[in-house]
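Here's the structure, in structure tokens; my notes come after.
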Amino acid sequence: MRFGLVGIIAVLVIVFSATASGFLTLQNLDNNARQMAVVGILAVGETFVIITAGIDLSVGSLLGFGGIIIALGLAHNLPAGLAVVIVLAVSVVIGLVNGALISSAALPPFIVTLGMLGILRGLTQIFGNGQQVGYDAASFSNFASNTTLGIPNLFWILVLVCAASAVFLHLTRRGRYMYAIGSNVESARRAGINVNATLLTVYAISALLAGIAGVLLTARQAQGDPNAGTGYELDAIAAAVLGGASLFGARGSIIGTFLGVLLVQIMTNGLNLLNFDPQVARMLEGALLILFVYIDHLRKLRVAAAW
Amino acid sequence: MVSAAPAQALAPILRARAISKRFGNVIALQDVDFEAYAGDIVALIGDNGAGKSTLIKIISGAILPDSGTLAMRGSPVYFHNPRDARDAGIETAYQDLALAPDLDIPANLFLAREIVRPGLLGRLDFFDRRAMRERAEEHLRDFGIKVGSMEQRVDTLSGGQRQSIAVARTVFWGSALIIMDEPTAALGVAQSALVLDLMRKVRDAGTAVVFISHNLPQVFEAADRIAVMRHGRRVGTLDPRTATMDQAVSLMTGATTLESVSQPRSSQQNRGGNIPPS
């Protein structure tokens, strides 16, 4: 993880608390916690993929696809639990297809998931008939607006996803194999790691989390939107990279990604409260992304020079 | 014939008999015998295309021979894949390292063979970081490999240190036989000395070592026996204490036959090598 990130977030919080009225209120914290959940969950999935030196461009579309499926299911009076299970199962299958094409067929992750992005967005528009899909299931949409122990359920889900992912990635052998593959796939193979199975797992996890994010977003908006999640894959990738993940693989952590999401969220929210044009936050996010990667690059050069 | 079987081993750990292998019309190996003994470094030399790599790949289970047999400690063995050879105690250190540069030293030593935590956590696939670090430290200390902190990423080590880690991993898991394919090819003089020294320590610990190299001074410095290959055949065995590098070269190139090599070399020539670390 990046230690600098904690410092930047702390500075932002202090500055916004002092300058933006309404920043340090329970209401606003609650809003922030809800708003960061969806992209946060996507970014955690993306972190797994990026650690193996891959990329998953399909998660935003998959989020929209999952969101439409569950909205349609609920609109047709499917029990919410069953609808959720269907969406998550479909998501995992799509992730396995991505993973199989990338591992067994050895196609580049960028191309496979870019293709899947298009396929899923098209399917989503067709399924939704290009329109929002309303549903009538208050118990389902209430989940997204309710809190547990004073904390929004959406944020709880993000925390659970982060905790489970961090344990898996950092403490188990299968998690370590993801780093090993991202570090040097041929070495990993020769050492005896089942590279194909690991990549299948990685893309399935990313897709599963995208499915969860789709369910949550549909609950939060109380309707399915065929355009939901458009471009979210880039936000997720940006957050992971801000959090220390490297597209060259083997670098990144769940806590780092969480901090990356938090940074973007706080910056966007604070600038918004200060009445900046929302595009300013986007520009700053982009600039920070480039700056962080550049700093990493310099650090790497120093290591190389030390040999 | 100059065949210096080591005194400390009666039977070879590994014996390959009459191994042949063709790739299409190319005869890669023809009737090759090869043996490795415990506590013995056998160098495998030959020009490019002589069949060294093919022989090594057969011994390490990467390819299957067309004919011929492998035996370990007198019993026939059949390696269908590298896993089989590895399970039999044969480890290979590849030329291009095969480390995960972003992982730390214990993670690399235990890659794909991690120690899991005891009990339920272990069944849930949790690895035991401390146990691996302790065993890695112990192992590296035994072989005198100094690396500073165990927590550093392997890509922060020097080339020689990284090669030492790669070799140490081979040694760690190769209970019977380790194969080192050009372990010093990318290294400077001092770092090569480090690796050769490590190889001798492994030998002294009782493991059989196969050392493939194009670097004849290093071969003469480190090996106990030198197996020479040419055009897919084993053309002879040299004793590095009595043979000269010129003799090795002429055997490799076919300029001489075995008979003319078996003369003891003149006494003023040193045993090849003893390159001091710079």
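Where in the range A:130-200 are there helices (runs of 4 or more DSSP H), lying wholly inside it, with at least 3 residues that are among the small types (Gly, Ala, Ser) and either within 12 Å of another protein chain (Cβ to nearest Cβ) or over 24 Å from the mean Cα position of the chain (by Cα) (or both)?
Correct list: A:173-183, A:185-191.
The set of residues in the range B:107-118 being under 21 Å from residue B:155 (Cα atoms) and not in a loop (DSSP other than H, G, I, E, B) consists of B:107, B:108, B:109.
The criterion of being within 11 Å of chain A (Cβ to nearest Cβ), in contact with a helix residue (DSSP H, G or I) (Cβ under 7 Å, 6 or more places away or on another chain) and surrounded by fewer than 17 Cβ atoms within 10 Å (Cβ to Cβ) does not hold for residue B:87. If you go through the range A:59-89 and pick out every residue that is crowded, with 21+ Cβ neighbours inside 10 Å and closer than 20 Å to residue A:113 by Cβ, you end up with 12.
In this structure, is residue B:29 in contact with a Gly (Cβ under 7 Å, 6 or more places away or on another chain), more than 14 Å from every other protein chain (Cβ to nearest Cβ) and closer than 15 Å to residue B:235 by Cα? Answer is yes for this residue. The sole residue among B:219, B:171 that is away from chain A (no Cβ under 12 Å) and modelled with pLDDT of 90 or more is B:219.
Take residue B:200 and tell me if it is in contact with a strand residue (DSSP E or B) (Cβ under 6 Å, 6 or more places away or on another chain) and either in contact (Cβ under 8 Å) with a residue 24 or more places away in the chain or in a strand (DSSP E or B) (or both). No: the conditions fail for residue B:200. On the basis of being facing chain A (nearest Cβ under 10 Å), part of a loop (DSSP other than H, G, I, E, B), under 28 Å from residue B:137 (Cβ atoms) and at pLDDT below 90, does residue B:102 make the cut? No; evaluated as a whole, the condition is false for this residue. If you check B:176, B:190, B:185, B:131 for being within 20 Å of the chain's Cα centre (by Cα), over 28 Å from residue B:37 (Cβ atoms), more than 10 Å from chain A (Cβ to nearest Cβ) and among the aliphatic types (A, V, I, L, M), only one passes: B:190.
Please verify whether residue A:50 is farther than 24 Å from residue A:216 by Cβ, modelled with pLDDT of 90 or more and not basic (Lys, Arg), treating the condition exactly as stated. Considered against the rule, which asks whether it is farther than 24 Å from residue A:216 by Cβ, modelled with pLDDT of 90 or more and not basic (Lys, Arg), residue A:50 comes out as no.
Just to be sure before I move on: is residue B:133 closer than 22 Å to residue B:14 by Cβ and assigned to a helix (DSSP H, G or I) in the structure I sent?
Spelling it out, it is not the case that residue B:133 is closer than 22 Å to residue B:14 by Cβ and assigned to a helix (DSSP H, G or I).
Restricted to the range A:94-118, and to residues that are out of contact with any helix residue (DSSP H, G or I) (no Cβ under 8 Å at 6 or more places or on another chain) and either at pLDDT 95 or above or part of a helix (DSSP H, G or I) (or both), which residue is surrounded by the fewest Cβ atoms within 10 Å (Cβ to Cβ)? Among them, the one singled out is A:111.
When you scan the range A:287-298, do you find a residue that is more than 14 Å from chain B (Cβ to nearest Cβ), of a type outside the set (A, V, I, L, M, F, W, C) and assigned to a helix (DSSP H, G or I), even just one? Looking through the range A:287-298, at least one residue is more than 14 Å from chain B (Cβ to nearest Cβ), of a type outside the set (A, V, I, L, M, F, W, C) and assigned to a helix (DSSP H, G or I). Selection of the range B:71-110 for residues being under 15 Å from residue B:170 (Cβ atoms) and among the polar types (S, T, N, Q) yields B:92, B:95, B:108. For the range A:77-97, the count of residues that are of a type in the set (S, T, N, Q) and farther than 27 Å from residue A:237 by Cβ is nonzero. Checked against (1) out of contact with any Pro (no Cβ under 8 Å at 6 or more places or on another chain); (2) part of a loop (DSSP other than H, G, I, E, B); (3) surrounded by 19 or more Cβ atoms within 10 Å (Cβ to Cβ); (4) of a type in the set (Asp, Glu), residue A:56 passes all but a single condition, namely (1). The set of residues in the range A:248-278 that are at pLDDT below 90 and in a helix (DSSP H, G or I) contains only A:278. Being over 23 Å from the mean Cα position of the chain (by Cα), of a type in the set (Lys, Arg) and within 12 Å of another protein chain (Cβ to nearest Cβ) holds for only one residue in B:153, B:113, and it is B:153. Comparison of B:121, B:140 shows that the only residue that is in a helix (DSSP H, G or I), over 29 Å from residue B:70 (Cβ atoms), within 13 Å of chain A (Cβ to nearest Cβ) and more than 17 Å from the chain's Cα centre (by Cα) is B:121. Within the range B:166-195, residues that are on the phi > 0 side of the Ramachandran plot sit with their Cβ atoms under 8 Å from residues that are of a type in the set (S, T, N, Q), at 6+ positions apart or across chains, in these pairs: B:182/B:95; B:182/B:213.
Of note, residue A:230 does not satisfy the criterion of being modelled with pLDDT of 90 or more, among the β-branched types (Val, Ile, Thr), in contact with a strand residue (DSSP E or B) (Cβ under 8 Å, 6 or more places away or on another chain) and closer than 28 Å to residue A:131 by Cα.
The residue of the range A:232-277 that is nearest to the chain's Cα centre (by Cα), among those that are surrounded by fewer than 22 Cβ atoms within 10 Å (Cβ to Cβ) and of a type in the set (Val, Ile, Thr), is A:255. When the residues of the range A:213-231 are narrowed to those that are crowded, with 24+ Cβ neighbours inside 10 Å and closer than 22 Å to residue A:109 by Cβ, which ends up farthest from the other protein chains (Cβ to nearest Cβ)? Filtering first and then ranking leaves A:229.
The values are calculated or read from the model by the stated rules, or taken from the named source; none is laboratory data. This one's a predicted model, so the numbers in the text were calculated from it and none came from an experiment. FYI the Cβ positions are ideal-geometry reconstructions off the backbone, even for glycines, and counts take in every protein chain you see.
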